[in-house]
Amino acid sequence: MFEYILRLLILLPIIGGMAWGSLWLWKRVQMGVPLVGGAAKARAVEMVDVLPLGPGSKLAVVEFAGQRILVAVSRNGITRLADDAQGDFHVD
């Protein structure tokens with residue numbers, strides 16, 4: 001019985017750490033954040049922020065050509081909702 005409790009006390013934190021680490025890694029990869037600390041490649045389009053709304057749908061702020069654009073992303077496609085030129089929103 002002592003051996004079982006000892007194994008449990010050793011393996012439970014390891015399994016919990018692996019679960020937390022995999023969720024952290026999944027979040028980083030989904031947001032498009034580079035995993036290595038090297039210099040990031042300059043891109044024409046940058047994802048500024050994402051807000052999940054439900055399964056298969058989210059709001060995203062994308063920066064392109066110096067302006068920020070609010071888009072709705074769903075399974076049916078992408079729809080532009082607003083941009084900075086119209087003065088509809090500001091992301092701080």
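The values are calculated or read from the model by the stated rules, or taken from the named source; none is laboratory data. All of these numbers come straight from a predicted model, not from anything done at the bench. Neighbour counts are summed over all protein chains in view; Cβ atoms, including those assigned to glycine, are modelled from backbone coordinates with ideal geometry. In case anyone asks, the SASA skips ligands and DNA or RNA and just uses the protein heavy atoms, side chains included. Shrake-Rupley method; radii C 1.70, N 1.55, O 1.52, S 1.80 Å.
Would you confirm whether any residue within region 49-57 is out of contact with any Phe, Trp or Tyr (no Cβ under 8 Å at 6 or more places or on another chain), open to solvent by 100 Å² or more (accessible area, probe 1.4 Å), modelled with pLDDT of 85 or more and β-branched (Val, Ile, Thr)?
no
Could you say which residue among VAL61, VAL91 is modelled with pLDDT under 90 and among the hydrophobic types (A, V, I, L, M, F, W, C)?
So the residue among VAL61, VAL91 that is modelled with pLDDT under 90 and among the hydrophobic types (A, V, I, L, M, F, W, C) is VAL91.
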